[in-house]
Amino acid sequence: MSYQLYPKPFHFYYYLPYPRQLAIPMIPPYNLNNYPQQFGSFYNQPIIGNSSDNCIVIEDDNIQHPLNPNQQSIIQTQTNREQTTQQEQLMILEQPLEKQMQQYDKLNENEPHIRISVFKQHSTQIDAEYILQYDRILGNQYKNEIIIGRKKLQDDKSENCDIQLPHGDKNVEKVHCKLSTEKGFSYSNLLTKSVLLFFSLFKSNKYAMKLPFSVKQHIYSFIKDKPQFYLTDNATKTGTFLKIKKDNYKIMQLHNTYLIGADTYFHIMEIKSKPTQIKYKKNKDLNQFYNALAKEHIRKGVKIHGLTLEESEQLNVLINEFRTNNLTQRAPHKLSQYDRPYLKFAFNSPSINQIQSHIFIAKYDQESVFKIGRSQECDVIININTVSRRQAQIIYKNNEWYIHDGEGVRESANGTWQSLQNYSTKNHEKKIQSKPRLIEDQMEIKISENIIKFDFVNFGVTKKRKLNQALIQDLLW
């Protein structure tokens with residue numbers, strides 16, 4: 001009786017931390033069952049042969065050994081399976097593309113996806129809902145850019161938008177903004193050095209191998225690259241606005257445009273946040289700074305906020321001297337030349353029949369709060385019904401200027417919104433798209449009367465507090 005050893009294909013497995021999926025081969029296995037003469041270092045179970053020699057036979061590449069009936073039946077079965085699989089693949093390829101994609105149009109609740117809701121402002125009824133999964137809107141084809149725009153009319157022969165906005169047809173353009181999926185779900189699943197190191201640790205370390213599967217899944221959610229989607233405004237007239245929440249401070253930058261109420265806009269003209277390295281003489285520097293403030297007030301009608309009583313008195317004295325002696329030409333310097341934090345902004349809404357420009361003055365390493373709204377307690381009072389009594393707050397702290405909506409626990413009625421477009425490029429002759437803005441969970445954008453909300457589902461644990469609780473529960477189990 002003799003035994004024959006036959007090679008077994010070598011598989012390199014890539015273990016993914018997903019339930020019901022232990023391993024998938026990274027390299028397509030090479031089927032060696034059809035070639036029993038091949039020599040290899042990995043072998044199947046020994047098969048009894050018919051040779052009269054009592055020995056173990058390892059076949060060589062150049063020897064064609066006759067097959068016994070058992071081997072022939074195994075090879076024939078394997079060949080039939082391969083032919084059936086090839087026929088099924090050919091049938092799938094011959095089908096139209098629409099039929100092939102129907103199986104991917106169903107939502108997989110266990111996989112990460114983004115639920116996109118479209119509704120009218122101040123309405124609780126959702127007009128439309130879209131699902132972004134596998135880097136495309138379910139029901140549509142794969143695209144690098146998902147188009148958000150106006151709902152197509154019956155006579156319009158142009159291509160449909162992926163996300164159609166039902167309200168404000170006159171102010172919504174055909175291609176209003178675009179959502180980039182270039183660094184979406186597919187990009188986040190790429191193998192990186194940290195991911196490979198993570199898998200090698202759990203394969204080699206005996207203590208790491210004993211950790212519960214849920215703990216490994218939590219760790220993997222932090223190590224892997226998160227899918228990122230970016231929103232870009234297509235140089236539209238009405239613009240695209242991001243909602244600023246009361247508990248989420250946003251850093252203010254030069255030429256940012258903000259919307260408060262229904263149609264009240266203001267933009268940042270000048271800003272200085274951090275101290276300069278050049279050291280000025282304090283007395284001389286302050287005198288010149290006050291001269292520049294007086295010039296802004298007399299020539300441009302700017303209202304100054306944030307000065308102490310002594311500083312206000314000194315500024316009023318300079319203003320009176322400038323008016324009586326006509327000395328405004330002796331103060332050619334700008335505010336940006338002096339080492340003092342300030343914020344200058346202007347309203348560009350025709351509905352405001354009052355002071356258009358304001359300057360907030362602060363001090364380094366000190367917190368200052370300025371309020372905007374209809375209330376008489378606010379620093380900037382706006383007498384418009386659509387603006388709340390305490391609409392927004394502008395805060396200077398940690399040597400940065402921030403803005404957030406409302407005051408305390410209360411939000412404003414119509415919200416505070418930031419435009420994607422830069423004010424300096426909005427009125428440019430050539431259409432310039434806005435810079436891409438990263439989409440975040442629970443983010444809301446405003447296009448005319450439409451509100452679009454993004455809800456991230458099954459994106460893993462995002463807060464360390466939740467992760468620690470989950471780890472403790474799993475480890476104590």
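Mind counting the residues in the stretch 206-221 that are more than 19 Å from Thr192 (Cβ to Cβ) and part of a helix (DSSP H, G or I)? Spell out how you get there, then give the answer.
Taking the stretch 206-221 as the starting set, the residues that turn out to be more than 19 Å from Thr192 (Cβ to Cβ) are 206-207, 209-215.
Remaining after also requiring part of a helix (DSSP H, G or I): 206-207, 209, 213-215.
Qualifying residue count for the region: 6.
Quick check on Tyr187: is it among the aromatic types (Phe, Trp, Tyr) and surrounded by 12 or more Cβ atoms within 10 Å (Cβ to Cβ)?
Details: among the aromatic types (Phe, Trp, Tyr): yes; surrounded by 12 or more Cβ atoms within 10 Å (Cβ to Cβ): yes.
It is true that Tyr187 is among the aromatic types (Phe, Trp, Tyr) and surrounded by 12 or more Cβ atoms within 10 Å (Cβ to Cβ).
Do any residues in the stretch 242-260 that are over 15 Å from Gln121 (Cα atoms) and touching a residue at least 24 places away in the same chain (Cβ under 8 Å) have Cβ atoms under 8 Å from those of residues that are part of a loop (DSSP other than H, G, I, E, B) and open to solvent by 70 Å² or more (accessible area, probe 1.4 Å), where the two are at least six apart or on different chains, and which pairs are they?
If the second residue must be part of a loop (DSSP other than H, G, I, E, B) and open to solvent by 70 Å² or more (accessible area, probe 1.4 Å), the pairs left are Lys245/Glu411; Lys246/Val409; Lys246/Glu411.
Give the residues of the stretch 130-153 that are basic (Lys, Arg) and either at pLDDT 90 or above or part of a strand (DSSP E or B) (or both), sorted by residue number. First the steps, then the outcome.
Looking only at the stretch 130-153, we keep the residues that are basic (Lys, Arg), and these are 136, 143, 150-152.
Of everything in the stretch 130-153, those that are basic (Lys, Arg) and either at pLDDT 90 or above or part of a strand (DSSP E or B) (or both) turn out to be Arg136, Arg150.
What's the total number of residues in the stretch 172-189 that are modelled with pLDDT of 90 or more and not in a loop (DSSP other than H, G, I, E, B)?
Qualifying residue count, the stretch 172-189: 4.
In this structure, does Lys243 turn out to be under 25 Å from the mean Cα position of the chain (by Cα) and buried (at least 16 other Cβ atoms within 10 Å of the Cβ)?
On the way: under 25 Å from the mean Cα position of the chain (by Cα): yes; buried (at least 16 other Cβ atoms within 10 Å of the Cβ): yes.
When the stated conditions are applied, Lys243 passes them.
List, please: which pairs have Cβ atoms under 6 Å, are six or more places apart or on different chains, and start with a residue in the stretch 439-451 that is more than 16 Å from His122 (Cα to Cα) and of a type outside the set (Ser, Thr, Tyr) and end with one that is open to solvent by 30 Å² or more (accessible area, probe 1.4 Å) and modelled with pLDDT under 95?
Asp441/Phe456
Go through Asp169, Asp156 for me and flag whichever is at pLDDT below 90, among the acidic types (Asp, Glu), open to solvent by 50 Å² or more (accessible area, probe 1.4 Å) and in a loop (DSSP other than H, G, I, E, B). Spell out how you get there, then give the answer.
Values: Asp156 fails: open to solvent by 50 Å² or more (accessible area, probe 1.4 Å).
Residue meeting the stated conditions: Asp169.
Just checking, how many residues over the stretch 171-192 are more than 25 Å from His113 (Cα to Cα) and free of Cβ contacts under 8 Å to residues at least 60 places away in the same chain?
We begin by selecting, within the stretch 171-192, every residue more than 25 Å from His113 (Cα to Cα); these are 171-174.
If we keep only those that are free of Cβ contacts under 8 Å to residues at least 60 places away in the same chain as well, we get 174.
Within the stretch 171-192, residues that are more than 25 Å from His113 (Cα to Cα) and free of Cβ contacts under 8 Å to residues at least 60 places away in the same chain number 1.
Out of Lys397, Lys363, Lys371, Lys430, I need the residue that is farther than 30 Å from Glu311 by Cβ and without any contact (Cβ under 8 Å) to a residue 40 or more places away in the chain. Which one? Before you say what the answer is, go through the steps one by one.
On the way: Lys397 fails: farther than 30 Å from Glu311 by Cβ; Lys363 fails: farther than 30 Å from Glu311 by Cβ; Lys371 fails: farther than 30 Å from Glu311 by Cβ.
Lys430 is the lone residue from the list that is farther than 30 Å from Glu311 by Cβ and without any contact (Cβ under 8 Å) to a residue 40 or more places away in the chain.
Name the residues in the stretch 274-298 that are closer than 30 Å to Cys378 by Cβ and either at pLDDT 85 or above or in contact with an Asp or Glu (Cβ under 8 Å, 6 or more places away or on another chain) (or both), would you?
Passing the criteria: Lys274, Pro275, Phe289, Tyr290, Asn291, Ala292, Leu293, Ala294, Lys295, Glu296, His297, Ile298.
If I filter the stretch 231-240 down to residues being touching an Asp or Glu at 6+ places or on another chain (Cβ under 9 Å) and either of a type outside the set (S, T, N, Q) or open to solvent by 60 Å² or more (accessible area, probe 1.4 Å) (or both), which single residue comes out as nearest to Asp441 (Cα to Cα)?
Of the stretch 231-240, the ones touching an Asp or Glu at 6+ places or on another chain (Cβ under 9 Å) are 232, 234, 236-240.
From what's left, either of a type outside the set (S, T, N, Q) or open to solvent by 60 Å² or more (accessible area, probe 1.4 Å) (or both): 237, 239.
Numbers: Lys237: 27, Gly239: 21 Å.
Selected residue: Gly239.
So Ala392 clears everything in (1) open to solvent by less than 20 Å² (accessible area, probe 1.4 Å); (2) over 28 Å from Gln366 (Cβ atoms) except one condition, right? Which one?
Result: Ala392 passes all but (2).
Ile268 fails exactly one of the following numbered conditions: (1) open to solvent by less than 50 Å² (accessible area, probe 1.4 Å); (2) within 30 Å of Ile146 (Cα to Cα); (3) not hydroxyl-bearing (Ser, Thr, Tyr). What is the number of that condition?
With respect to (1) open to solvent by less than 50 Å² (accessible area, probe 1.4 Å); (2) within 30 Å of Ile146 (Cα to Cα); (3) not hydroxyl-bearing (Ser, Thr, Tyr), Ile268 is out only on (2).
The values are calculated or read from the model by the stated rules, or taken from the named source; none is laboratory data. Source: prediction; values computed, not measured. When we count neighbours, we look across all protein chains shown, and the Cβ atoms used for this are built from the backbone with ideal geometry, even at glycine. Surface accessibility is based on the protein's heavy atoms, side chains included, excluding ligands, DNA and RNA. Shrake-Rupley method; radii C 1.70, N 1.55, O 1.52, S 1.80 Å.
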